[in-house]
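Notes to accompany the following structure.
The values are calculated or read from the model by the stated rules, or taken from the named source; none is laboratory data. The structure displayed is predicted, hence computed values, not measured ones. We place every Cβ from the backbone using ideal geometry, glycine too, and count neighbours over all the protein chains shown.
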Amino acid sequence: MLGSSATPFEHCSASESAGTSLAEALIRVARAVPRPRALASACDGEESAMRASNMWRAGAFAVGMLALFAGCSTTGTAIGELQDPSGKQQMVTLRWKSDAADPERGSISGTLPDGTHYSGRYFEVIQTAPADIYADAWVGWQPFWPGWRARWYSGPMQQDWSGFVRIYTGHVIANLKPADDKNPLRCRFTVDDPRAGLDGGAHGECQLASGPTIDHVVVTAS
């Protein structure tokens, strides 16, 4: 697991372009706020000047904090047990990182016990989102995963977007591939709090195209 002593600020990178425009806009607003001296000149008396100064400091601090968090990402792990054909269980750790501009999506990667490295994307399924957003989830698989029945759903399986979104809304899905694009790995997680996404914790399972599964996956934020 990633070090728990990390602060939220350590997950913010100056190189992350997502959120930059928002941060710049907030900074421009901060610069546009009159400085204490300018505010004081419009006020009468020392007490009014002090109030103006305090108002500016509070506003600048709030804008600064918003600008700082505008480019932040959340990171965490997804740890489960790989069941190989022989019945042997081995621990697998995947690491995820949310997109700064859209925390409902992000990158996810990890290395299996045989040394094969996987990387891909994860998405929280939202009923109102367009289907093409999730196109990466079907690469290497039959679209909408009709042959992989979700444990929480007992209704009829449908091979279309409306059927998929009915089953998976509020859940997180992921598709990872190795360098040779063979034997992809798909995952699905039930989030503990749909409003928080993976940041609020989740649990689920993953499956390799060749058959082995990663069970009892527990997702946590760092």
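What about residue 79, is it outside any loop (DSSP other than H, G, I, E, B), crowded, with 19+ Cβ neighbours inside 10 Å, modelled with pLDDT of 85 or more and not charged (D, E, K, R)?
Criteria not met by residue 79.
If you take the residues of segment 174-187 that are out of contact with any Cys (no Cβ under 7 Å at 6 or more places or on another chain) and under 24 Å from residue 127 (Cα atoms), which of them is surrounded by the fewest Cβ atoms within 10 Å (Cβ to Cβ)? Outline the logic, then answer.
Of segment 174-187, the ones out of contact with any Cys (no Cβ under 7 Å at 6 or more places or on another chain) are 175-184.
Going one step further and asking which of them are under 24 Å from residue 127 (Cα atoms), we end up with 175-176.
Numbers: 175: 24, 176: 22.
It comes out as 176.
Against the definition (surrounded by 14 or more Cβ atoms within 10 Å (Cβ to Cβ) and either of a type outside the set (Lys, Arg) or not assigned by TED's automatic domain parsing to the domain that holds residue 89 (or both)), how does residue 130 come out, yes or no?
For residue 130, the condition - surrounded by 14 or more Cβ atoms within 10 Å (Cβ to Cβ) and either of a type outside the set (Lys, Arg) or not assigned by TED's automatic domain parsing to the domain that holds residue 89 (or both) - is not met.
Residues that are out of contact with any Ser or Thr (no Cβ under 9 Å at 6 or more places or on another chain): which strands (runs of 3 or more DSSP E) entirely in segment 162-222 hold 2 or more of them? First the steps, then the outcome.
On the way: elements: 171-177, 185-191, 202-208, 213-221.
It comes to 171-177, 185-191, 213-221.
Within segment 189-217, which residues are among the small types (Gly, Ala, Ser), modelled with pLDDT of 95 or more and more than 19 Å from residue 90 (Cβ to Cβ)?
Once the filter is applied, which keeps residues that are among the small types (Gly, Ala, Ser), modelled with pLDDT of 95 or more and more than 19 Å from residue 90 (Cβ to Cβ), segment 189-217 yields 201, 202.
Exactly one of these conditions fails for residue 190: (1) over 19 Å from residue 115 (Cα atoms); (2) exposed (fewer than 15 other Cβ atoms within 10 Å of the Cβ). Give me its number.
Against the list (1) over 19 Å from residue 115 (Cα atoms); (2) exposed (fewer than 15 other Cβ atoms within 10 Å of the Cβ), residue 190 comes up short only on (2).
When only residues in segment 163-188 that are basic (Lys, Arg) and farther than 26 Å from residue 100 by Cβ count, which is modelled with the highest pLDDT?
Step one: filter segment 163-188 for residues basic (Lys, Arg), giving 166, 177, 182, 186, 188.
The next check asks that each one be farther than 26 Å from residue 100 by Cβ; those that pass are 166, 182.
Details: 166: 91, 182: 94.
Out of the qualifying residues, it is 182.
Would you point out which residue out of 200, 211, 204 is in contact with a Lys or Arg (Cβ under 6 Å, 6 or more places away or on another chain) and either in contact (Cβ under 8 Å) with a residue 40 or more places away in the chain or in the same structural domain as residue 114 (by TED's automatic domain parsing) (or both)?
Being in contact with a Lys or Arg (Cβ under 6 Å, 6 or more places away or on another chain) and either in contact (Cβ under 8 Å) with a residue 40 or more places away in the chain or in the same structural domain as residue 114 (by TED's automatic domain parsing) (or both) holds for just one of 200, 211, 204, which is 204.
Name the one entry in 107, 119 that is assigned to a strand (DSSP E or B), assigned by TED's automatic domain parsing to the domain that holds residue 189, surrounded by fewer than 17 Cβ atoms within 10 Å (Cβ to Cβ) and touching a residue at least 12 places away in the same chain (Cβ under 8 Å).
Answer to the check: 119.
Would you pick out the residues in segment 133-152 that are surrounded by fewer than 17 Cβ atoms within 10 Å (Cβ to Cβ) and over 23 Å from residue 212 (Cβ atoms)?
133, 135
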